[in-house]
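Notes for the one structure printed next.
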Amino acid sequence: MANPFDYKSFYVTWYSRAKAFALEFVGNQHDAEEIIQEVFLGIYEKRQFLSLESGGINLTAYLLTSIKNRCLNLLKSRLNRKVLHIDDQEQVFIDRISLQALEQFDTDFPDQDVIEARLKTALDKLPDRCRQIFVMNKINGIKQKDIASSLGLSVNTVESQMAIAYKKLREELRDCLPILLFLINII
């Protein structure tokens, strides 16, 4: 017998990451929230058919694919409705870039262990102090002022090291950044 799908746990685990992923492409909170609510409602309505056993549906891939498709639909709709005024040109350009990025985005991605291994490799390439500060803040959840105090640094130094870490990690992980935003939600 299949393990029952724990919708509440799935929702709590993935909601904020899913919203951040949608927001990256649609560009505003309202649209991102609406997309995520529709996707989670669809999953809720199908919950009795879902299980977490191996060999079943990959729920993370299903969630990501559903969000991608809803974002694509919204962006296409936006572009079709735009009245091409000078004021709208910048938004049209942004929507077209987001649409192209989403169309090329592959939702068949390796499991979370593979992604986390890529992140670990990228973290290992950071300078020691930079990595230490990033891990303390983003992995261990320590506030920047507390990191500064415990390491005998200024808050500005901690902020600078975090900026360096973000820049280097984005460069190193650029090909899988949307997946990292979705799965790990720290960059």
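General remarks:
- Label-point separation in nm, D6 to R96, each point 7 Å along Cα→Cβ: 4.7
- With R₀ set to 35 Å, the beta-carbon distance separating Y15 from K120 gives a calculated FRET efficiency near 0.90.
- Filter on K76/K138; K120/K143; K8/K167 - keep pairs with C-alpha separation over 28 Å: K76/K138; K8/K167
- For the peptides 126-132, 35-41, residues were scored by their other Cβ atoms within 10 Å and the scores averaged per peptide; the highest-first order is 35-41, 126-132.
- Pairwise label distance in nanometres, Q37 with N80, each label 7 Å out on the Cα-Cβ vector: 2.3
- Computed from the C-beta positions of E159 and D113, the FRET efficiency with R₀ = 35 Å rounds to 0.65.
- Summed residue charge, Cβ within 11 Å of V158's Cβ, Lys/Arg positive, Asp/Glu negative: +1
Only the coordinates and a few stated rules stand behind these numbers; no lab work does. All values derive from a computational prediction rather than experimental measurement. All Cβ positions, even for glycine, are placed from backbone atoms using ideal geometry, and neighbour counts span all protein chains on display.
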